[in-house]
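One structure, as C-alpha cells, below. Some questions next.
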Amino acid sequence: MASAGILGTGSALPKKIITNADLEKMVETSDQWITERTGIRERRQAGPDETTSKLSVQAARKALEMAGLKPQDLDLIICSTISPDMPLPSTAAFIQAELGARSCCAFDLAAACSGFLFGITVAEKFIRTGSSRHVLVIGAELLSRYLDYKDRATCVIFGDGVAAGVLGAVEPPSGILAEELHTEGAYADHLFIPAGGTAKPASRETVEGGEHYIKMRGNELFKVAVRSMEDVSRRVLTQAQVCPEQLSLFIPHQANQRITEAVRERLGVNPEKVYSNISRVGNTSSASIPICLDECVRSGRLKRGDLVLMSAFGAGVTWGAVVMRW
C-alpha cells in the first residue's frame, strides 16, 4: 500500500516587518527582554490588503508548482487556522474559489499551533483510504489582528504567515511513518480569545474591555508544552522505530526558543539537526512548522530519504507529532 507524503511546499509572508525596536516604542519592553525570553528579534505583520485567504493562495500556488500539479488536481483543501477571513463561510472556501479548484471539498480546521500537524494527519487518512488523491493542507495565521499592543506578554510573540503542503501517495519507505494527536480542554483558559463567539458575542462592552485580544498564561503553558511535546515525540519515534540519532531534521513548533531547546535536550537530538526560524518570524501558530518545512526544502536542508520529526503544541490545548521520511 502506498504511503502519504508531501509532494510540494510553499509559503508566504507579509511584507511588513515589526522589529523588537519597533515594539519598544509601543509597549514597555526591550530588545534584550524579548530576545532572552523568546528568541524573537522580528516578526511579520499583515497589511489591510493582506488577508488569510490571499496569503494562503500565494503559498498554495507555490506548493502546487513544486508538486507539478494544477488546482484542478486537488480533491480536498484543509485550511488550518484560528484567524479566518470571517466566521462564515470557511476560509478554505475562499481559497478554493480563488485557486479555481472546482468541485473540490474544502473546510477549515481549528487546532491553533498544532493545526498543520492535525491537517496533514487528517489528509493522510483520506489518501490512505483512497478517498482523495491529492490534498492541499494550509497552515495560515494573521494573529496580529488579535493582538493587544499594550500587553507585552502576547504582542512580542506572535507574527503573521502562511505555508502549505500538497500531500499525495508516495512509494515506501517515503511518507508519513507515524503520527499522534492530543487535546486537553482542561487547559483551554490558558490561551484563548474570550469574546467574538456564541459564548460572548461582540458588543460595545467586549470591545472596550479588550476581550477580542489573545489572552495567555505563559508561565503555566511553558511546562505543559515542554512535557507534552517531549512525550508525544517519543511516542511517534517509537511507533516509527526511529531513534533520535537517526533523525536528519527536527522541526518543532516555533513558540519560544527556550521551549525548543528544552524539548531538544530531553529528546537527545543533536543541536545541528534542529531547525529554527523564530528569530525572524516569531510564533506564527499553525503556519510555523510548514514555513520551516518550506524553507528547509527550498534551501536543500531537507533531502529525499531524510527522516524528519515535527512536533507542536497549541491552544486548546492541543499537541501532536509526526515522523516522516522525505
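Among the listed residues Ser299, Ser279, Ser286, which satisfies the condition of being modelled with pLDDT of 95 or more, touching a strand residue (DSSP E or B) at 6+ places or on another chain (Cβ under 7 Å) and assigned by TED's automatic domain parsing to the domain that holds Gly197?
Ser286
Next up: For region 264-286, enumerate the residues that are crowded, with 19+ Cβ neighbours inside 10 Å and touching a helix residue (DSSP H, G or I) at 6+ places or on another chain (Cβ under 7 Å).
The answer is Arg264, Leu267, Val269, Tyr275, Ile278, Val281, Thr284, Ser285, Ser286.
Counting just the residues of region 28-60 that are buried (at least 16 other Cβ atoms within 10 Å of the Cβ) and β-branched (Val, Ile, Thr), which one comes out nearest to Gly175 (Cα to Cα)?
Val57
Where in region 95-200 are there strands (runs of 3 or more DSSP E), lying fully within it, with 3 or more residues that are over 25 Å from Val317 (Cβ atoms)?
Filter on region 95-200 gives 160-170.
Could you identify the single residue in Ala112, Ala140 that is on the phi > 0 side of the Ramachandran plot and within 12 Å of the chain's Cα centre (by Cα)?
Going through Ala112, Ala140 in turn, the sole match is Ala112.
Here is a yes/no grid of residues against (1) over 20 Å from the mean Cα position of the chain (by Cα); (2) outside any helix (DSSP H, G or I):
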site	(1), (2)
Ser233	no, no
Gln241	yes, yes
Ala255	no, yes
Glu265	yes, no
Ser279	no, no
Leu293	no, no
Cys296	no, no
Lys303	yes, yes
Met310	no, yes
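List every residue pair whose Cβ atoms sit under 8 Å apart, with the two residues 6 or more apart in sequence or on different chains, where the first one lies in region 112-130 and is farther than 14 Å from Leu181 by Cα and outside the structural domain of Phe192 (by TED's automatic domain parsing) and the second, anywhere, is among the β-branched types (Val, Ile, Thr) and surrounded by 24 or more Cβ atoms within 10 Å (Cβ to Cβ).
Correct list of pairs: Phe126/Val135; Ile127/Val135.
Evaluate region 286-298: report whether one residue or more is more than 19 Å from Ala111 (Cβ to Cβ) and touching an Asp or Glu at 6+ places or on another chain (Cβ under 6 Å).
No, the conditions are met nowhere in region 286-298.
Working carefully through the options Val162, Val156, Val166, find the one that is of a type in the set (A, V, I, L, M, F, W, C) and either over 23 Å from Lys62 (Cα atoms) or without any contact (Cβ under 8 Å) to a residue 40 or more places away in the chain (or both).
Selected residue: Val156, the only one of Val162, Val156, Val166 that is of a type in the set (A, V, I, L, M, F, W, C) and either over 23 Å from Lys62 (Cα atoms) or without any contact (Cβ under 8 Å) to a residue 40 or more places away in the chain (or both).
Out of all the residues in region 209-224, which are assigned to a loop (DSSP other than H, G, I, E, B), modelled with pLDDT of 95 or more and within 30 Å of Arg266 (Cα to Cα)?
Ile214
Continuing with the same structure: Any residue at all in region 63-78 that's out of contact with any helix residue (DSSP H, G or I) (no Cβ under 8 Å at 6 or more places or on another chain) and over 18 Å from His134 (Cα atoms)?
Looking for residues that are out of contact with any helix residue (DSSP H, G or I) (no Cβ under 8 Å at 6 or more places or on another chain) and over 18 Å from His134 (Cα atoms), one finds none in region 63-78, hence no.
Within region 34-58, can you find the residues that are of a type in the set (Gly, Ala, Ser) and within 26 Å of Leu23 (Cβ to Cβ)?
Gly39, Ala46, Gly47
Gly5 - would you say it is farther than 21 Å from Ala153 by Cα, in contact with a Phe, Trp or Tyr (Cβ under 8 Å, 6 or more places away or on another chain) and in contact (Cβ under 8 Å) with a residue 60 or more places away in the chain?
It is true that Gly5 is farther than 21 Å from Ala153 by Cα, in contact with a Phe, Trp or Tyr (Cβ under 8 Å, 6 or more places away or on another chain) and in contact (Cβ under 8 Å) with a residue 60 or more places away in the chain.
Conditions tested, residue by residue: (1) closer than 27 Å to Leu221 by Cα; (2) buried (at least 24 other Cβ atoms within 10 Å of the Cβ); (3) at pLDDT below 95.
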residue: Gly68; (1), (2), (3): no, no, no
residue: Ser80; (1), (2), (3): yes, yes, no
residue: Thr121; (1), (2), (3): yes, no, no
residue: Asp148; (1), (2), (3): yes, no, no
residue: Thr154; (1), (2), (3): yes, no, no
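The values are calculated or read from the model by the stated rules, or taken from the named source; none is laboratory data. Everything quoted here is computed from the prediction, not taken from an experiment. Methodologically, a virtual Cβ is constructed for each residue, glycine included, from the backbone with ideal geometry; neighbour enumeration extends over all protein chains shown.
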